[in-house]
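Q: Supplied in structure tokens, the structure appears directly below.
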């Protein structure tokens, strides 16, 4: 029949919702684990500089170092979060792409990670 839109499977919406839910949950877990790892790695240096700042034992150098450590923690956390969010988007794309769309011809460009 001419002029009709292509039919969509009745399972398309539930499949998208299920894939989105699974990807969101796994991304949240990976993001939390990655963030906890960054915090665990950076905490000893932050505590050391915080104690030095509170005792005032090194003429204010610990305050600068503490600030640098905190900014480093924030940057590393943001990088870990960004990486996991991009990975989640890629997983969702892979799970919801139809069989005919999986060929390279249907995607003539490459998305940078």
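Q: Take 17, 73 and order them by how many other Cβ atoms sit within 10 Å, fewest up front.
A: Starting with the residue having the fewest Cβ neighbours, the order is 17, 73.
Q: Quick one, can you get me the convex hull of the C-alpha atoms of the range 22-93 expressed as volume per residue in Å³?
A: Convex hull of Cα atoms, per residue: 58 Å³.
Q: Still on this model: Listing 26, 77, 62 from the residue with the fewest other Cβ atoms within 10 Å to the one with the most, what is the order?
A: Neighbour counts put them in this order, fewest first: 26, 77, 62.
Q: Counting other C-beta atoms within 10 Å, which of 71, 46 has the fewest, and how do the rest follow?
A: Exposure proxy ranking, most exposed first: 71, 46.
Q: Continuing with this model, one more query. Want the number for residue 89 to residue 58: 0.36 nm per residue separation, take away the alpha-carbon distance, what's left?
A: So the chain would gain 6.5 nm between residue 89 and residue 58.
Q: Give me the percent relative contact order of the range 1-98, please, defined on Cα pairs under 8 angstrom at least 6 residues apart.
A: 40
Values in this text are rule-based calculations from the coordinates and carry no lab data. Predicted, not measured: the structure shown is a model, and the values here were computed from it. With ideal geometry, Cβ positions are generated from the backbone for all residues, glycine too; neighbour counts draw on all protein chains shown.
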